[in-house]
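The values are calculated or read from the model by the stated rules, or taken from the named source; none is laboratory data. Computed from a predicted structure; not experimentally measured. Neighbour counts are summed over all protein chains in view; Cβ atoms, including those assigned to glycine, are modelled from backbone coordinates with ideal geometry.
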Amino acid sequence: MMNQISRFLFYIGLLLARSYLFPLYFLSGLVRRRPDLWVFGSWGGYRFADNAAAFFLHCQDEIADRVRLVWISRDAAIVAAVRRSGYEAHWIWSPRGIWCCLRAGLHLFDSFSKDINYWLSRGARKINLWSGVPLKTFERDIRNPGSRYYRLFHGSLPERWLFGIMMPWHLDRPDLIIATAPEPRDITRRAFDVPAESVVVTGFPRNDMLFSRAGDAGVLSRQWPQPFSDAVGEGRRIFLYLPTYRDSGKPFFNVDWAAMDRLMKDLGATFFLKLHPDDQGGCPEGLERVVQLPQEMDIYSLLAHTDILISDYSSIIFDYMLLDRPIIYYVPDLEEFVSSSRSLNFDPVEIAAGPVCSTGDELLRALSEAATGTGISADLERRWSEIRERFNSFADDQSSRRVLEAIDGRVLGGYLGQTKTAGEGSTDG
């Protein structure tokens, strides 16, 4: 009872604290928007990463002569890094940041409009570059009554009202969302409750760099951690473990890290772990061939240099399939994940194109077999191709180009093509 009262008081306090922001949101819709000004943001404004960053860099190469492109962030270090790379960036509540958000015709983000500035976004066309293939349920599809997202969309009227105050950006319906294939497209459309024409299959911009061994991501890749650079330089096999985020926040893997370190030495490899930015825990320090990567780093500049991926319910498995390299599925907490976090759109076992492990010992054995190339059958290769095509309509480096064409054709009505033609036909003097 006391917890319910405390929670209720928290939401009331949040409403009072935001009493000036909701009028600001309304007033932002009265400002005239410019189609030649676009603002970008990622991960709540705290990272320069994922599809938004990859597409931002693509737009710099393709349309910077016709469109003002601005990165918006809550992190002063990110603003400085983007500026050092020669691009425009502003802190979210700086005068220029506010002005750009108010005047921008397009807000482009990874997940929700809060990635830029929700409170200054009314009236802008919103482009959701999304963050993954929907292996897990999300938004309106979440059916776990204990989830705050379930209560936002399906709870009682007071719950929907209070959670709407806390997370109003989840109630936005973007003008355009991207997907990787028809099946993920249909799930995304349903979860966001948008018209079918608002979700377009383009592939993800972040995956374009997978097709370059150089992995050149510009400002996307701050200098690699030294252990990763050493492993690449020495020609070692690289195992990369990328578990997804658990809503429950509970520890989920049980690995004998000393045994893992010994196995990596035997295989001439290094095992890298990167947890979700909101996760806690990890592997112990002091191991020679087991290294935990910084949680805030963007891993897409690393993927092309890895040999084997270990993951679970993360949609990165579908991205990694574009590389045609082994994937190991480590799912030690499937029942716990479904009961305490959220359900899945697909059974991980049914769509797995590699060994599925539920214990640390099984994981060690699968790593050894993957490194030596054993256990790969013709049936597994065929299954691999079927699953990759099911979740990736495209396997090339043209996703950013397709996204730009979709925005121009479906949202801007050919504006970019018109400005390009006008620019080519004009003369100076």
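General observations
- Check on Met260, in contact (Cβ under 8 Å) with a residue 40 or more places away in the chain, assigned to a loop (DSSP other than H, G, I, E, B) and over 27 Å from Ile142 (Cα atoms): no
- Filter result for Val290 (surrounded by 22 or more Cβ atoms within 10 Å (Cβ to Cβ), at negative phi, outside the structural domain of Asp50 (by TED's automatic domain parsing) and without any contact (Cβ under 8 Å) to a residue 40 or more places away in the chain): yes
Here is a yes/no grid of residues against (1) farther than 22 Å from Asn51 by Cα; (2) outside the structural domain of Ile316 (by TED's automatic domain parsing); (3) of a type in the set (A, V, I, L, M, F, W, C):
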| position | (1), (2), (3) |
| --- | --- |
| Leu120 | no, yes, yes |
| Gly132 | no, yes, no |
| Ser147 | yes, yes, no |
| Asp172 | no, yes, no |
| Thr180 | no, yes, no |
| Asp186 | no, yes, no |
| Ala191 | no, yes, yes |
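- Residue in the stretch 116-130 that is under 30 Å from Tyr300 (Cβ atoms), crowded, with 16+ Cβ neighbours inside 10 Å, under 23 Å from the mean Cα position of the chain (by Cα) and modelled with pLDDT under 95 present: yes
- In the stretch 23-69, the residues that are touching a residue at least 60 places away in the same chain (Cβ under 8 Å), polar (S, T, N, Q) and either under 20 Å from Glu405 (Cβ atoms) or surrounded by fewer than 23 Cβ atoms within 10 Å (Cβ to Cβ) (or both): Ser28, Asn51
- Criterion: at positive phi and assigned by TED's automatic domain parsing to the domain that holds Val39 - qualifying residue of Gly105, Gly97, Gly86: Gly86
- Ile177 being in a helix (DSSP H, G or I) and touching a Lys or Arg at 6+ places or on another chain (Cβ under 9 Å): no
- Pair list, Cβ < 6 Å and 6+ apart or interchain, from the stretch 102-114 residues that are free of Cβ contacts under 8 Å to residues at least 40 places away in the same chain to residues that are surrounded by 23 or more Cβ atoms within 10 Å (Cβ to Cβ): none
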